[in-house]
Amino acid sequence: MRGYSSGLATGSLQQSSPPVCFDRREICILSPKRMWWRYERASTNVPGSFFGVWQRARRRSDGGPQAALGTKSQLQACTLSIQVLEETLECALLVQALGSNAVSFPGSPAYAATEAAYWSLQEAQLYPSMHRQGHAPAAGFANIDGGGVSIDLSGLNRVEVSADGAVVSVGAGATSLAVYAALDPWNVTAAVGRNGAVGVGGFLTGGGISYVSPRVGWACDSLVNVEVVLASGEIVDANATSNPDLFWALKGGSNNFGIVTRFDLRTVTTGGGIVAGAISSPFEERQAVFDAFTSFANSSNYDPNATLITSLTYRPSGGGWQAVNSKAVYTHGSSTATAQTAFAPFLGVPNTTHSLQPTQLSVFANESATPPLEWSFHTATYQCSATLMAQISERWQATLAATSIPDLVLWSFTFEPLPTVWTARSNAAETGGNALGVTEAQGNAFIQTGDRLVAEANEVARQMGLLLPFQYLNYANPSQRPVASYNATNVAALHAVSRRYDPQRLFQRRVPGGFKLPPPRS
């Protein structure tokens, strides 16, 4: 089908014109009787006008495909008739199974609301695949084009805290902000998105970098159970004792194995609050910031309660390079003095903004919505080095100075520490491991995001011997291959899980969005 949205959001059955659907000539030629049976099964839900269309097509094929469809134009006419009918039948079957309030069509308020909810313009411009909160920027990752059905999970947004506050169960359509808001009164939090608008579904199945990652590892490492719908329609739990291979694969394997409908995560204490804010320094102080970043990330006494994101921004309309900004969060306790000690390397650099203050994650993560924009992400991982960061910065300055750039374009280059305490926690036995393949030896690194200039940064890092293979899936560009970066053993294991739980390869062949499993390595 094309342009139909199925989910738990309120909707209505409306159809203003016949839709366009997949190319299915084989149905017209090879299996008209099967289509006739399907029509009879769903006859009460199909507009009567389509009955005549099917009757004419069926009579043409009674004498066999060659006799009935002797010319190309006849074949095309028959194909179109069958396509329209089959699509209508499929949609009718969805309505029959789910109810008219769960299926929305073009022109309905629910359909329009789903289209408007996407974070990037590239997604919003496609017709509705699986959609939770739609924060993936690339076209087709949380949407579909060229024919298909969108499963909108935003209605699965319940957040429930266990009686002891140790586990939070989160519907796959919930936002990170909803999780923070539910957990703050318990003085605990969970590893979900740092921006409150980020949905938990794609975030967790892509690995996930959270404010508490230095304490728990990748966000997916804090999972204790997932509820998932397999390609067969069976609903199963995956955890350390039930379907453990599927549980492992879903932690970084993205949308390749099923549709997760609920995540159960371990919580961690916040000690009653957090300290968070921004530390900004003039661009001219970038080398001092790079030194501070390296000292912070490489520290042998890294405080796992401290987490940070450092960004360089180039805005042509704003005169070029902007201040170097670091978003700093201390995730345990509301003592500003303790947080300042953790972030002392950055506070020692001359700054124009220093806003560290006690707050709650539900407040700090409630960021202002960005206007609809077209986004392009790229990612890379490097060993942490102030010299490397400086050389990358110099390379970018030279490239951008020599490039004519429209005022509406903005480049943001983000550096995120990947300290050894993080990778060690991720590989701890009690987490059960994940598919990402990041070892402790790859700790004290940093993940960098940006645009096409990442290729230049990679070349600098490669020459210095500091380029690491890992590509973080949630930041990757469609031209990149993050799953292939996990390592050969993990890729082979992911294929084995796919063969076991999805033998017909539905999520490889019929769910085109996102990063599919790469060919197995020989």
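The values are calculated or read from the model by the stated rules, or taken from the named source; none is laboratory data. Here the structure is a predicted model, which is why all the values come from computation and not from measurement. When we count neighbours, we look across all protein chains shown, and the Cβ atoms used for this are built from the backbone with ideal geometry, even at glycine. Surface areas here come from the heavy atoms of the whole protein model, side chains and all, with no ligands, DNA or RNA. Shrake-Rupley method; radii C 1.70, N 1.55, O 1.52, S 1.80 Å.
Around the amide H of Leu517, modelled in the peptide plane, lies no amide H under 5 Å away from a residue 5 or more places distant or on another chain.
Here Ala390 and Ser368 are evaluated by their C-beta separation; at R0 = 41 Å the FRET efficiency comes out at 0.80.
Listed values for region 184-200 are Karplus-derived 3J(HN,Hα) couplings in whole Hz (6.51 cos²θ - 1.76 cosθ + 1.60, θ = phi - 60°), namely 3, x, 8, 6, 9, 8, 9, 7, 10, x, 6, 8, x, 6, 6, x, 6, and x replaces Gly and Pro.
Applied to region 309-320, the Karplus parametrisation 6.51 cos²θ - 1.76 cosθ + 1.60 on θ = phi - 60° returns per-residue 3J(HN,Hα) values of 10, 10, 10, 10, 10, 10, 10, x, 6, x, x, x Hz, with x for Gly and Pro. The modelled label-to-label distance between Ser412 and Ala428, using points 7 Å beyond Cα along the C-beta direction, is 3.1 nm. Taking amide H as placed 1.01 Å from N in the peptide plane, Val188 has its amide H under 5 Å from the amide H of Thr270, each at least 5 places away in sequence or on another chain.
Couplings for region 502-511, taken from phi via the Karplus curve 6.51 cos²θ - 1.76 cosθ + 1.60 with θ = phi - 60°, read 9, x, 8, 6, 4, 7, 8, 9, 10, 10 Hz in order; Gly and Pro are left as x. Protein-only accessible surface at a 1.4 angstrom probe places the residues Lys327, Lys251 in the order Lys327, Lys251, largest first. Charge tally around Thr359: other residues with Cβ under 14 Å, Lys/Arg +1 each, Asp/Glu -1 each, net 0.
Note on Ala240 and Ser100: with the Förster distance fixed at 51 Å, the Cβ-Cβ geometry gives a FRET efficiency of about 0.80.
Projected label points at Ala496 and Arg315, each 7 Å from Cα along the beta carbon direction, are separated by 5.1 nanometres. Taking amide H atoms as placed 1.01 Å from N in the peptide plane, the amide H of Arg262 lies under 5 Å from those of Ala172, Glu227, each 5 or more residues away in sequence or on another chain.
A DSSP coil position with no more than 15 other Cβ atoms inside 10 Å describes the following GluC sites (Glu not before Pro) in region 230-291: Glu234. Modelled this way, with points 7 Å down the Cα-to-C-beta line, the labels at Thr269 and Gln397 are 4.7 nm from one another.
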